[in-house]
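Here's the structure, in structure tokens; my notes come after.
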Amino acid sequence: MYSRPIVTYLDQFGIERRLVVRLEAGTAIPRYEQLRAQISVMVAVGRLEPGQRLPTVRDLAHQLDLAPGTVARTYRELETDGMVVGRGRAGTFVVDEPPHSEPLRERRERISRLAISFAFDARQLGATDQEALVALAEALSVD
């Protein structure tokens, strides 16, 4: 049997975030380890972004129907793994440079290459920096 709640919480900016966490009952894998593995993957693929605050221990435990100690252990393990950092009463945050975050690194590199290409093309057209920035802002605002 699976638990598949959608965990909702507010991040440090007051933005509502949602995480889908799937905990399997009746398995030899402890719940804290299941939760640790899923959060690790969310960090590695960028679903949880660098600097993003995680749900509080108490709130996550309540929403997943876990003991607070289970979630606290998960967060301690993630901190030991270098994925998150605890900042006392401010909360637990994804580190700025998570280990094993190759997708994040590749994404940053690709964005950088796109920016360099855009800047080169804009210069070839004789556009000023301001004109290029305005065009980029307009392009980014299109849905």
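Brief remarks follow.
- Gaussian network model of the chain, Cα within-10 Å springs - most flexible of LEU64, LEU114, LEU35: LEU114
- Take the Cα of VAL20, step 7 Å toward its Cβ, do the same at GLU79, and the gap between the two points is 3.1 nm.
- Counting 0.36 nm for each residue step from GLU33 to GLU97 and taking away their Cα separation leaves a gain of 20.8 nm.
- FRET efficiency for ILE6 and ARG110, using Cβ-Cβ distance with R0 set to 41 Å, rounded to 0.05: 0.85
- Rule-of-thumb Rg ratio for region 102-141 [Cα; 2.2 N^0.38 Å; N residues]: 1.32
- For region 2-94, the Cβ-based charge dipole about the Cα centre amounts to some 120 debye (Lys, Arg positive; Asp, Glu negative; other atoms uncharged).
- Comparing GLU106, GLU79, GLU33 in a Gaussian network model of the chain, where Cα atoms under 10 Å apart are tied by springs, the biggest mean-square fluctuation is seen for GLU106.
- Options ILE111, GLN52, VAL7, ranked by Cα towards positive dipole end of the chain, top entry (Cβ charges): VAL7
Each value in this text was obtained by applying a stated rule to the coordinates, not by laboratory testing. For clarity, every value in this text was computed on a predicted model and none was experimentally measured. Neighbour counts run over all protein chains shown; Cβ positions are idealised from the backbone, glycine included.
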